[in-house]
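Enquirer: Here it is: the structure, laid out below.
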Amino acid sequence: MMAELRNALQQLYWQKVFFVLGALMTLYLIYPVLFNVQGVYLITDILIYFLVFCLILFVAYIRKQPHLSVPWRQVFKGKIAMSSAVVLSFFIIVGLMDSIHFRYIEKSEATNTSYSVDMLSVLDVSLRYISSDSEKTYSAPFAIYSYAKENFINDEGVKYRAYPRLKFAGSHLKKPEQEYWQDIISKSVKGLIIGLIISVVFSAIFIFYLSRTSARSYLDTLKNILQDKFDLPWRVMLITLSIVIVLCAWLFYLSHFYHVMGTDKVGQDVFYLTLKSIRTGLVIGTLTTLIMLPFAIALGVMAGYFKGWVDDVIQYIYTTLNSIPGILLIVAVMLAIDVYIENHPALFETAIERADIKLLALCVVLGITSWTGLCRLLRGEVFKLRELEYIQAARALGVSNFKIITSHIIPNVMHIVLIVVVLDFSGLVLAEAVLAYIGVGVDPSTISWGNMINSARLELARDPVVWWSLISAFSFMFALVLAANLFSDAIRDAFDPRQQGVK
Amino acid sequence: MFAYISRRILYAIPILIGVNLLTFALYFLVNSPDDMARMHLGAKYITQEGIDKWKTERGYDKPLFYNETEQSYKKLSNTIFYNKSVKLFLFDFGNADNGRNIGFDISERMWASLAYAIPVFLVGMLVYISFALLLVFFRATYVDLWGVVLCVVMMSISAIIYIIAGQYLIGKILLLVPISGYEPGFSAVKFLILPVVIGIVAGLGSSARWYRTIFLEEINRDYVRTARAKGLSELRVLFSHVLKNAMIPILTGAVVAIPLLFMGSLLMESFFGIPGLGSYTIDAIRSQDFAIVRAMVFLGSVLYIVGLVLTDISYTFVDPRVRLN
């Protein structure tokens, strides 16, 4: 009776999960029709949403497996881990918004519709007010005058040189000298208040949800959160979330009137560029591991399980790959891709698609150079596992090798895979900046932190110093990598049995 | 020992052949020998004879991997791959596309690379290990906590940022040392200080934290408890007991890196204008000089394999329980 009931509940749970996934997928496929645009599905977009799809399934699976959900709860019990998870999810949301691409319809006739040339993402649309208006050249954060002097002719016909007003930033000010500070302060206050209201509303909704699930009254829940009496550190979560929301609201509100992080050489808003770079960083950090994972797991497990000549061959492959300096391998493959794109221009319609292929190629080649470490770790672990009694027993009972590997070995090495994946993420995001300097990173037209830092390097020689694009790219990259590092530490502490004594 | 080493050297041969095959395949996937000739002769006024002449002079006029016109074993040996690889195995790197002898260039540029890499390696190890020991000495206190936080923060900063910030602060604002450049001999010191310091600082976060976990794994062992029970001071325990026993994992990471010091650092050398092997490689990549790239890849793999063998040998010195067979 109980078992049946549990089965029924279990089924209901998966039905719900698949319903949500199906709904999300349909939405992703039919939104162009709903909003009357032409959807553009770049390869990296599809892979990213495939990853999200897998992640949702993974989370749903974990919630029903007590032995997996306990260490995950352990991860989120840490205050640092919880707040870095909040910061990470901010980056992920921006990255996902930037991964839905479409084109507007310009003219619509019965027979043929023509689409606009520009490919936009949801992020572009929500920041439309910035990206549409660009200045002529550099301007400092919150500046209303340009960085470079220009020629003017005054009323008497005399030529003189002065700093021109910016086209976009501060154009609402009539008497800039008197109104400037007052305007910035009043706008900041307004932005901060908007942020506070949003975060209070959000917290209220969250507390309401928590009071429903934990069967407490609303006030009790609030009190318990403030005293940090819950199992998970919700107080820290809400504080971090509020800080993120208030900061965002302030920046977004002010960026309607000023360039909050200045503009770059061709007058593009640096705040916009930094936000656009998030997607590139996330793609390199996640898709690389997604691509290398099947190979690393399959080869590592096979080498450890079958031993003998299989092990020899696999070991030979990864020692060979390992002994080539990684950077040279990356360079060679990236050059090959460049030539391939040049020889087959018909395959790629737009510059964005070309850049997208290069981004994907970079992920693949970074994956090729980084899978060997995981492969070796897995091989060693499987060596140990295959001698254990339960696997010997399975073999004695005649269970096939394939079955043993998939249901006994792989689940027991997944913690290693998880740890390596999260530890690799931050390293890959950092590697992108180095590769951009060497000149083999993402396509120069792709907006990325590496490209921003690389071009900002030369701007430091100017006088006055153009520091803002370097600092903005650096601080966003730093925030993402730091959050990822702290979060992966928590994961390692929770999942790595070797680390349990060490703390 | 001797048998072990000779077996490892025999193992190295198929790996090096594999490395060579891979570099060849990757390079000629991109550029045919005709393209190479065209690029090096300049884009204009090139006749097919000119290309053929260039190819014959440099030995690129044969098939890549398999020569159908020849007999028996010559089908394999009379090819670009065979001719170019066999010389590599004898460490005869041939000439670069601009006519200079690669072996001579490498032996000349090696010293600049070493002048940068050896101080970074030695001083770096010293700094990282002492910082880690300091954290372990103050374990479970605020010193340890904030030390680890510092490590994580430093790990999260890109190497490029360290270089840019260091060059800007010390070279441009404080005007203490030149930003970049190099002079051979003793005056190299003033050019090397900045890159060495930046190199060490850039690696501090991850290395110190890694050494710290190694030491912490040792510190809960029985022999440490015994040593403390004997009444030895905590410093004595750390430096003469824990450090000695932690040498194996430390060696695994360190000894592999020693031969690769010859290769220099791509990033630092090209940033600071040190004329070492790293910047040599980058220049070769940028000018698409395949002969140099191939030589450097080969050298890199040889040194890597030497590093692996050295690691195994060094185990026997540190840990008498380990025997090579």
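The values are calculated or read from the model by the stated rules, or taken from the named source; none is laboratory data. Note that the coordinates shown come from a computational prediction; the quantities given were computed from them, not determined experimentally. Here Cβ is always computed from backbone atoms with ideal geometry, including for glycine, and neighbour counts include all displayed protein chains.
Enquirer: What pairs come up if the first residue lies in region B:281-293 and is on the phi < 0 side of the Ramachandran plot, the second is part of a helix (DSSP H, G or I) and at pLDDT below 75, and their beta carbons are under 7 Å apart, counting only those six or more places apart or on different chains?
Expert: B:Phe290/B:Tyr27; B:Phe290/B:Met36
Enquirer: Quick test for you: out of A:Ala351, A:Ala336, pick the one residue that is at the interface with chain B (Cβ under 10 Å from one of its Cβ atoms) and more than 30 Å from B:Leu308 (Cα to Cα). Write out each step before concluding.
Expert: Numbers: A:Ala351 fails: at the interface with chain B (Cβ under 10 Å from one of its Cβ atoms).
Only one candidate passes the filter, namely A:Ala336.
Enquirer: State all residues of region A:395-405 that are more than 14 Å from A:Leu378 (Cα to Cα) and assigned to a helix (DSSP H, G or I); if no residue qualifies, say none. Lay out the reasoning, then the answer.
Expert: Of the residues in region A:395-405, the ones more than 14 Å from A:Leu378 (Cα to Cα) are A:395-404.
Once the filter is applied, which keeps residues that are more than 14 Å from A:Leu378 (Cα to Cα) and assigned to a helix (DSSP H, G or I), region A:395-405 yields A:Arg395, A:Ala396, A:Asn401, A:Phe402, A:Lys403, A:Ile404.
Enquirer: Right, here's the next one. Of everything in region B:165-207, what is crowded, with 20+ Cβ neighbours inside 10 Å and within 11 Å of chain A (Cβ to nearest Cβ)? Give them in sequence order.
Expert: Correct list: B:Gln167, B:Ala202, B:Gly205.
Enquirer: If you check B:Gly231 against the conditions, is it in a helix (DSSP H, G or I) and not basic (Lys, Arg)? Walk me through it before giving the result.
Expert: Numbers: in a helix (DSSP H, G or I): no; not basic (Lys, Arg): yes.
No: the conditions fail for B:Gly231.
Enquirer: Here's a check for you: in region A:447-469, which residue that is of a type in the set (Val, Ile, Thr) and at pLDDT below 85 is nearest to B:Lys172 (Cα to Cα)? Give the steps one after another, and end with the answer.
Expert: Within region A:447-469, the subset of a type in the set (Val, Ile, Thr) is A:447, A:453, A:465-466.
Those left that are additionally at pLDDT below 85: A:465-466.
On the way: A:Val465: 12, A:Val466: 14 Å.
Checked region A:447-469; the qualifying residue nearest to B:Lys172 (Cα to Cα) is A:Val465.
Enquirer: With hydrophobic (A, V, I, L, M, F, W, C), within 27 Å of A:Gln268 (Cβ to Cβ) and more than 20 Å from the chain's Cα centre (by Cα) as the only criterion, which of A:Val33, A:Val117 stands out?
Expert: Numbers: A:Val33 fails: within 27 Å of A:Gln268 (Cβ to Cβ).
Result of the check over A:Val33, A:Val117: A:Val117.
Enquirer: Would you check if there is a residue in region B:225-246 being in contact (Cβ under 8 Å) with a residue 24 or more places away in the chain, among the β-branched types (Val, Ile, Thr) and more than 13 Å from chain A (Cβ to nearest Cβ)?
Expert: yes
Enquirer: Okay, next question. Please identify the pairs in which a residue from region A:47-61 that is under 17 Å from A:Leu282 (Cα atoms) has its Cβ atom under 8 Å from the Cβ atom of a residue that is not in a helix (DSSP H, G or I), counting only partners at least 6 apart or on another chain.
Expert: A:Ile48/A:Ser99; A:Tyr49/A:Ser99
Enquirer: Here is a further query. If we scan region A:405-417, do we find a residue that is touching a residue at least 60 places away in the same chain (Cβ under 8 Å) and within 12 Å of another protein chain (Cβ to nearest Cβ)?
Expert: no
Enquirer: Restricting to region A:298-355, give me the number of residues that are of a type in the set (D, E, K, R) and either within 30 Å of A:Ser99 (Cβ to Cβ) or in contact with a Leu (Cβ under 8 Å, 6 or more places away or on another chain) (or both). Let's see the steps before the verdict.
Expert: Within region A:298-355, the first condition is being of a type in the set (D, E, K, R), and the residues that meet it are A:307, A:311-312, A:338, A:342, A:349, A:353-354.
This time we only want the ones that are either within 30 Å of A:Ser99 (Cβ to Cβ) or in contact with a Leu (Cβ under 8 Å, 6 or more places away or on another chain) (or both), so: A:338, A:342, A:349, A:353-354.
Of the residues in region A:298-355, 5 are of a type in the set (D, E, K, R) and either within 30 Å of A:Ser99 (Cβ to Cβ) or in contact with a Leu (Cβ under 8 Å, 6 or more places away or on another chain) (or both).
Enquirer: Looking at region A:410-424, can you tell me whether even one residue there is within 30 Å of B:Ala284 (Cα to Cα) and either at pLDDT 85 or above or among the aliphatic types (A, V, I, L, M) (or both)? If you could, list the steps in order and put the result at the bottom.
Expert: Step one: of region A:410-424, the residues within 30 Å of B:Ala284 (Cα to Cα) are A:424.
Right, trim to either at pLDDT 85 or above or among the aliphatic types (A, V, I, L, M) (or both) and you get A:424.
Checking region A:410-424: at least one residue is within 30 Å of B:Ala284 (Cα to Cα) and either at pLDDT 85 or above or among the aliphatic types (A, V, I, L, M) (or both).
Quick grid of which residues meet (1) touching an Asp or Glu at 6+ places or on another chain (Cβ under 6 Å); (2) surrounded by 23 or more Cβ atoms within 10 Å (Cβ to Cβ); (3) more than 10 Å from every other protein chain (Cβ to nearest Cβ); (4) of a type in the set (S, T, N, Q):
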{"position": "A:Ile453", "(1), (2), (3), (4)": "no, yes, no, no"}
{"position": "A:Arg462", "(1), (2), (3), (4)": "no, no, yes, no"}
{"position": "A:Ser469", "(1), (2), (3), (4)": "yes, yes, yes, yes"}
{"position": "A:Ala473", "(1), (2), (3), (4)": "no, yes, no, no"}
{"position": "A:Phe478", "(1), (2), (3), (4)": "no, no, no, no"}
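Enquirer: Could you grab me the full set of residues in region A:87-109 that are assigned to a helix (DSSP H, G or I), touching a Ser or Thr at 6+ places or on another chain (Cβ under 8 Å) and surrounded by fewer than 19 Cβ atoms within 10 Å (Cβ to Cβ)?
Expert: Here is the first cut: in region A:87-109, the residues assigned to a helix (DSSP H, G or I) are A:87-97.
Adding the requirement that they be touching a Ser or Thr at 6+ places or on another chain (Cβ under 8 Å) leaves A:87, A:97.
Scanning region A:87-109 gives a single hit, A:Met97.
Enquirer: Return the pair list, or none, for Cβ contacts closer than 8 Å from residues in region B:95-124 that are buried (at least 19 other Cβ atoms within 10 Å of the Cβ) to residues that are at pLDDT below 90 and part of a strand (DSSP E or B), at least 6 apart or on different chains.
Expert: These pairs meet every condition: B:Ile102/B:Asn95.
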